[in-house]
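The block underneath contains the structure these notes are about, expressed in structure tokens.
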Amino acid sequence: MNSSSSTMNEEPDALSVVNQLRDLAADPLNRRAIVQDQGCLPGLILFMDHPNPPVVHSALLALRYLAECRANREKMKGELGMMLSLQNVMQKTTTPGETKLLASEIYDILQSSNMADSDSFNEMNSRRRKAQFFLGTTNKRAKTVVLHIDGLDDTSRRNLCEEALLKIKGVISFTFQMAVQRCVVRIRSDLKAEALASAIASTKVMKAQQVVKSESGEEMLVPFQDMAVEVEENTELPDYLPEDESPTKEQDKAVSRVGSHPEARIKELQ
């Protein structure tokens, strides 16, 4: 937010500033402080209206991280221009699909943040009901896949995994749960889950299985068939590396059944 920057270097400056905020927000320990800071949220709101798409996407990733912290949601929702800017991103015809879906997720989390605050169980249920209504119109465009990744046991492996996933066109966002060797990936519904496994297998040091829930609610690991899947690569990569190792409880429960078949649905939404 360097006011003295000239028009020529305004965009690179905006991108480096927003990427710095995004990287700070990726660390759960920073999230409360960022939202309490007087300049950060207004800055991210301004970045949502930026003409450069990678700046907008990076700002949304930062906001998505900040919204992971339940204590931040009310302040974020009440910040001047926040909800309006999110709506603008969602409604703008020039916004890329992945960016629209990311904005939609943040909007929904913040919109349902003040429900039954005193009772966390009710809060979770009310958020689910709201998510059911909201995602009912969008779950044809996006789905969530939970992967168990053998070999995901240190930072360098995580970086390799990030690089592999970022190359896939149709990946919206992802979150790592390093303690249990898992990665929760939001993808466009026309992308096969096998494409994720294929990309991870290409690292040669990791292998992915899909986490699904049985009818009785028990988690199972389902291996992907060993087959080559043609992966469409991203040509316009958003410059980001999501890394969040402390997902919320809702995230742990967010996905019960996801697959590459069209009839597969997230049970929570049924």
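The values are calculated or read from the model by the stated rules, or taken from the named source; none is laboratory data. Predicted, not measured: the structure shown is a model, and the values here were computed from it. Glycine gets a Cβ as well: all are built from the backbone with ideal geometry, and neighbour counts include every protein chain shown. For the accessible areas, the whole protein counts, side chains as well, though only heavy atoms, and no ligand, DNA or RNA atoms are used. Shrake-Rupley method; radii C 1.70, N 1.55, O 1.52, S 1.80 Å.
Within segment 38-56, one or more residues are farther than 22 Å from residue 186 by Cα, of a type outside the set (Gly, Ala, Ser) and modelled with pLDDT under 90. Within segment 54-111, the set of residues being part of a helix (DSSP H, G or I) and without any contact (Cβ under 8 Å) to a residue 12 or more places away in the chain comprises 78, 84, 91, 100.
When we screen 231, 145 for residues that are modelled with pLDDT of 85 or more and either β-branched (Val, Ile, Thr) or open to solvent by 30 Å² or more (accessible area, probe 1.4 Å) (or both), the only hit is 145.
What is the residue count in segment 152-189 for residues that are touching a Gly at 6+ places or on another chain (Cβ under 7 Å), open to solvent by 30 Å² or more (accessible area, probe 1.4 Å) and not in a helix (DSSP H, G or I)? Break it down into steps so the answer makes sense when it comes.
Step one: list which residues in segment 152-189 are touching a Gly at 6+ places or on another chain (Cβ under 7 Å), which gives 157, 187-188.
Narrowing the set further to residues that are open to solvent by 30 Å² or more (accessible area, probe 1.4 Å) leaves 157, 188.
Keeping just the survivors that are not in a helix (DSSP H, G or I) gives 188.
Looking only at that region, the number is 1.
In segment 190-225, the residue that is surrounded by the fewest Cβ atoms within 10 Å (Cβ to Cβ) out of those that are under 14 Å from residue 160 (Cβ atoms) and free of Cβ contacts under 8 Å to residues at least 12 places away in the same chain is 204. In segment 20-34, the residues that are without any contact (Cβ under 8 Å) to a residue 24 or more places away in the chain and within 18 Å of residue 75 (Cα to Cα) form Cβ pairs under 8 Å with partners that are assigned to a helix (DSSP H, G or I) and open to solvent by 60 Å² or more (accessible area, probe 1.4 Å), at six or more places apart or across chains, as follows: 30/24. Among residues of segment 175-188 being in contact (Cβ under 8 Å) with a residue 60 or more places away in the chain and under 10 Å from residue 143 (Cα atoms), the one that is farthest from the chain's Cα centre (by Cα) is 188. Does residue 15 satisfy the criteria of being crowded, with 21+ Cβ neighbours inside 10 Å and either at pLDDT 90 or above or not basic (Lys, Arg) (or both)? When the stated conditions are applied, residue 15 does not pass them. Residue-level analysis places residue 112 outside the set of residues that are over 16 Å from residue 175 (Cα atoms) and surrounded by 22 or more Cβ atoms within 10 Å (Cβ to Cβ). Just one of the listed residues (22, 32) is at pLDDT 90 or above and surrounded by fewer than 15 Cβ atoms within 10 Å (Cβ to Cβ), namely 32.
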